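The values are calculated or read from the model by the stated rules, or taken from the named source; none is laboratory data. Note that the structure is a prediction, hence the values are computed from the model and not measured. No Cβ is skipped: glycine too gets one built from the backbone with ideal geometry, and neighbour counts run over all protein chains shown.
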Amino acid sequence: MKLLILTCLVICSLAVYTVDGVGTEVLEKSICMSLTTRRLPVKNIKTYTIKEGSMKAVIFITRRGFKICADPAADWVNKAVQSIDRKNMSQIKPTGAQPSTNTTVTLTG
């Protein structure tokens, strides 16, 4: 009997973690617990996101997929963010001028 109750509790617990808040807002699972003071090479950073809240942070996502929290007030963090923004802007290619599709139609009748 105890084994049956324990099994039911385990299954219910797993169901809670596998169903991500159907119809509700799911809380973000990645929260910064501390901020790094080590500089990251910009060439290793793929992108970043800015986290607001009790602990403000810039979360750098490396090319290997690691998430590293850094202090947004640090000078090296601001320079890295600007460098990533410039790199991303240079990769966006303009589509160029498109030929006009305007045609004049005259209806008589």
Can you find even one residue in the range 23-35 that is in contact with a strand residue (DSSP E or B) (Cβ under 6 Å, 6 or more places away or on another chain), assigned to a strand (DSSP E or B) and either closer than 24 Å to residue 88 by Cα or modelled with pLDDT of 90 or more (or both)? no
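Please go through the range 61-93 and give me each residue that is surrounded by 11 or more Cβ atoms within 10 Å (Cβ to Cβ) and either among the acidic types (Asp, Glu) or under 13 Å from the mean Cα position of the chain (by Cα) (or both), ordered by number.
Within the range 61-93, the first condition is being surrounded by 11 or more Cβ atoms within 10 Å (Cβ to Cβ), and the residues that meet it are 61-62, 66-72, 74, 76-85, 87.
Matches in the range 61-93: 61, 62, 66, 67, 68, 69, 71, 85.
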Qualifying positions in the range 48-60 - assigned to a strand (DSSP E or B) and surrounded by 14 or more Cβ atoms within 10 Å (Cβ to Cβ): 48, 51, 57, 58, 59, 60
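Each row is one residue, and each column tells you yes or no for (1) of a type in the set (Phe, Trp, Tyr); (2) touching a residue at least 40 places away in the same chain (Cβ under 8 Å); (3) assigned to a loop (DSSP other than H, G, I, E, B).
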| position | (1), (2), (3) |
| --- | --- |
| 43 | no, no, no |
| 46 | no, no, no |
| 68 | no, no, no |
| 72 | no, no, yes |
| 84 | no, yes, no |
